[in-house]
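The values are calculated or read from the model by the stated rules, or taken from the named source; none is laboratory data. Everything numeric here is computed off the predicted structure, so don't read it as measured data. Quick reminder, even Gly has a Cβ in these numbers, built from the backbone with ideal geometry, and neighbours come from all protein chains shown. Areas reflect the complete protein model, heavy atoms only, side chains present, ligands, DNA and RNA absent. Shrake-Rupley method; radii C 1.70, N 1.55, O 1.52, S 1.80 Å.
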Amino acid sequence: MILALLVLAAATPAQSGTAADVDPFIGTGGEGHTFPGAVAPFGMVQLSPDTDTRCVLRDCYSHAAGYRHEDRTIEGFSHTHFSGAGHSDLGDLLIMPVAGDEVPLNPGTPDKPGYRSAFRHATEQARPGYYAVTLDGPGVRAELTAGTRVGVHRYAFPAGKAAHLVVDLRSSLYNYPGKILWSGLRLRPGGILTGFRETRGWAPGRKFYFAMRFSAPLVGHALLNREGEVPYKGFQAPGRGSDAVAQLLGRALVARLDFGRIDRPLEVKVAISGVDEEGAIANLASEPGDFGAIRQRTGEAWDKALGAVEIEAALPMRRMVATALYHSLLAPSVWSDSDGRYRGPDDQVHHADGFTFRSTFSLWDTFRAQHPLLTLIQPEAVNAEIVRSLLASRAESPDGILPVWQFHGRETWTMIGYHAVPVIADAYLKGIKGFDADAALDAMIASASYAPYGGLGDYMRLGYVPIDREPEAASKTVEYAYDDWTIARMASALGRRDVAATFAKRAGNWRNSFDAGTGFLRARKVDGSWRTPFDPTAINYGSDYTEGNAWQYSWFVPHDQAGLFRIMGGDAAAVAKLDRMFDYDNSKIDYSHAEDIAGLIGQYIHGNEPSHHVAYLYSYAGQPWRTQERLKQIVDSQYKAVPDGLSGNDDLGQMSAWLSFTALGFYPVAPGTNEYVIGRPFVNRAALNLPNGKRFIITASGMSDTNRYVGSVRLNGQPLTRGYIRHKEIMAGGTLEFRMTAQPNRTWATAERDRPFSETR
């Protein structure tokens with residue numbers, strides 16, 4: 001056994017550059033909600049260990065990704081996971097190796113042991129595209145890798161012991177009784193096992209299909225129904241015309257697969273599909289090769305994807321930034337089969353003509369930084385496919401609007417806003433082609449005009465969302481206003497002046513919910529009065545704000561910060577209010593009831609997205625050195641190169657994209673402006689290998705814990721006196737040089753003309 005492990009270790013392919021610094025365990029502890037398993041860039045399969053699938057509903061929050069670093073047992077390895085979501089589902093198709101003569105078919109409990117196994121972190125390894133662990137119970141060394149549509153397991157069993165697999169269709173993440181509506185298993189000639197299941201989870205009626213092939217022949221098997229009745233004995237005869245050796249339908253199915261005593265590791269290759277079993281079989285054939293070949297190809301894919309950013313920094317920072325980039329490249333994930341078919345929002349099968357359909361859109365989170373990051377570090381074709389997937393989803397949606405929070409092609413209606421709109425507008429305004437821009441604008445208008453959605457009817461009529469008709473009304477008003485502004489920007493670029501004028505006017509609706517008397521964004525009623533009583537620190541789900549309070553949401557006017565500051569009383573008043581936010585004493589406030597409220601610095605909440613742009617707002621008020629101070633405070637307290645190194649859930653890469661941008665020295669406060677607000681770098685040197693073949697290099701001379709301020713900035717050798725950099729300047733290639741100092745430069749980028757974009761300045 002030891003010799004076999006040494007041979008496998010010797011065959012490990014090395015990863016290079018940025019990929020070599022990635023630590024997939026970052027975020028797997030605390031509230032990061034990431035998983036350490038194997039996945040290809042934007043892969044359909046996320047093959048990862050699950051340490052607990054027994055939790056029920058909200059008790060599952062800490063296990064939203066299936067794996068939690070604090071746990072000490074593994075229940076099995078399933079094929080679908082979210083990276084850093086605040087909600088969950090998935091955990092499809094659990095597989096667990098078992099050794100010996102007894103084969104438990106349940107994960108077990110403390111009183112009744114099952115196939116669940118203890119493990120030790122000392123035996124774990126995780127790299128992009130690879131995960132390994134020793135399962136102490138069966139004594140099996142488990143290794144995982146994944147391609148785009150396949151996952152491959154490799155299990156080294158103890159010598160002299162019979163090898164078995166348990167294939168469990170009962171388990172799921174965010175589980176509850178009756179979640180599995182229907183499932184099936186079919187053993188086909190040649191030893192291929194296929195199956196399906198339909199769930200009524202977060203996305204209701206979600207269909208999942210799979211096919212798996214083994215490197216060793218089956219010597220025995222049982223397909224069992226575990227719905228609570230007497231276990232099924234023997235095999236159900238195939239139906240007329242079926243090519244199955246054995247098949248079974250039911251709600252709680254489990255298979256026992258027997259391989260006898262084998263003298264080499266068992267490889268299990270699994271493909272998934274949202275269309276049908278035949279699609280899964282075709283996906284299985286579309287990525288040929290054994291474990292080593294798949295791992296090699298995926299490792300090379302990660303080297304290329306992460307090679308878009310080269311980083312020079314101290315090791316902890318290098319690991320944090322490399323891992324942040326890695327987490328930013330997991331979604332939106334591929335969802336169409338190798339033949340182009342996919343299941344869409346209408347639960348029907350469609351065909352992606354000339355592009356790969358992608359799903360898993362956490363848009364309320366990712367429109368802020370993750371999607372803008374992709375426009376810099378991913379090929380134009382990938383960004384165009386994202387837009388085409390959004391447009392296809394809108395065409396296939398029963399409601400005729402763009403996705404809100406979609407996965408596996410199905411809509412969940414989670415969170416607020418119509419934030420596919422800024423994703424599309426930002427891509428178009430940055431010159432990304434490959435989609436019909438006029439059709440895209442029409443889709444954006446349709447989403448912004450769908451009266452039944454989220455109080456939009458009242459918003460269009462009153463200019464705000466009334467709280468006595470719609471929950472979270474204050475948040476919805478300002479988020480709709482920003483989305484409307486991006487529609488106006490794209491319409492103007494396309495020459496559609498009437499549309500631009502309409503939505504530019506709507507973009508000013510944020511003013512209708514801002515109370516100059518208190519200095520906060522507030523919810524108002526349909527009669528125009530403010531809702532009372534009012535507490536700017538209160539956070540209650542379904543109340544005036546979405547996962548936040550007045551302190552966080554009062555700053556969400558990214559397209560018109562100058563207008564906001566004027567209402568607040570001017571730049572000095574805005575700076576003073578920002579300071580009160582960061583310095584607020586929370587000692588008498590209990591936020592334990594709010595799951596997503598984490599990473600507090602006063603009333604700034606880095607663990608959730610509404611605060612993510614706020615530290616950069618000092619620059620809009622002419623005090624960029626204060627932005628530099630706050631960024632240092634945030635990075636030092638909210639990110640660590642350890643498993644609990646994320647202060648809040650990663651939200652499909654948004655927390656990570658924030659760090660990726662901030663470490664480089666700039667951030668997209670308002671996607672749609674084609675500007676990035678300059679903060680301060682946290683790496684000594686970085687090189688962006690851009691999609692157009694050019695290189696943009698960032699350097700920071702003299703940077704240290706003492707030298708935390710920007711003394712001066714040069715762009716391509718010339719002094720840069722403004723507090724922002726344009727997208728076209730980055731894409732042209734060149735150098736951005738920071739000189740760091742111990743004392744703030746109180747004259748750099750302070751003049752009004754040198755401040756970042758703001759609509760009414």
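Structure data summary
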item	result
Residues of the range 623-651 classified as open to solvent by 10 Å² or more (accessible area, probe 1.4 Å) and aliphatic (A, V, I, L, M), total	3
All positions within the range 261-281 that are open to solvent by 40 Å² or more (accessible area, probe 1.4 Å) and either over 28 Å from residue 220 (Cβ atoms) or part of a helix (DSSP H, G or I) (or both)	278, 281
Strands (runs of 3 or more DSSP E) contained in the range 682-761 and holding at least 1 residues closer than 17 Å to residue 310 by Cα	685-689, 695-701, 734-741
Test: residue in the range 456-464 that is out of contact with any Gly (no Cβ under 8 Å at 6 or more places or on another chain), open to solvent by less than 10 Å² (accessible area, probe 1.4 Å) and under 23 Å from residue 397 (Cβ atoms)	yes
Test for residue 528: is it small (Gly, Ala, Ser), surrounded by 19 or more Cβ atoms within 10 Å (Cβ to Cβ) and in a loop (DSSP other than H, G, I, E, B)	no
Neighbours by Cβ (under 8 Å, 6+ apart or cross-chain): first from the range 467-485, open to solvent by 10 Å² or more (accessible area, probe 1.4 Å); second of a type in the set (A, V, I, L, M) and modelled with pLDDT of 95 or more	467/473; 467/474; 467/523; 468/526; 469/526; 472/416; 476/416; 476/465
Count - residues of the range 453-492 that are of a type in the set (D, E, K, R) and not in a helix (DSSP H, G or I)	4
Number of the exception - residue 385 against (1) open to solvent by 10 Å² or more (accessible area, probe 1.4 Å); (2) touching a Ser or Thr at 6+ places or on another chain (Cβ under 9 Å); (3) part of a loop (DSSP other than H, G, I, E, B)	(3)
Test: residue in the range 716-735 that is under 24 Å from residue 636 (Cβ atoms) and open to solvent by 30 Å² or more (accessible area, probe 1.4 Å)	no
Residue, nearest to residue 280 (Cα to Cα), within the range 126-182, restricted to residues that are among the polar types (S, T, N, Q) and at pLDDT 95 or above	148
Filtered residues of the range 563-622 (kept if part of a loop (DSSP other than H, G, I, E, B), more than 27 Å from the chain's Cα centre (by Cα) and crowded, with 18+ Cβ neighbours inside 10 Å)	621, 622
Hits in the range 115-136 (condition: open to solvent by 20 Å² or more (accessible area, probe 1.4 Å), among the hydrophobic types (A, V, I, L, M, F, W, C) and part of a strand (DSSP E or B))	118
Filtered residues of the range 296-349 (kept if closer than 18 Å to residue 655 by Cβ, of a type in the set (A, V, I, L, M, F, W, C) and assigned to a loop (DSSP other than H, G, I, E, B))	329, 330, 331
Given (1) polar (S, T, N, Q); (2) modelled with pLDDT of 95 or more; (3) crowded, with 18+ Cβ neighbours inside 10 Å, number of the condition residue 88 does not satisfy	(2)
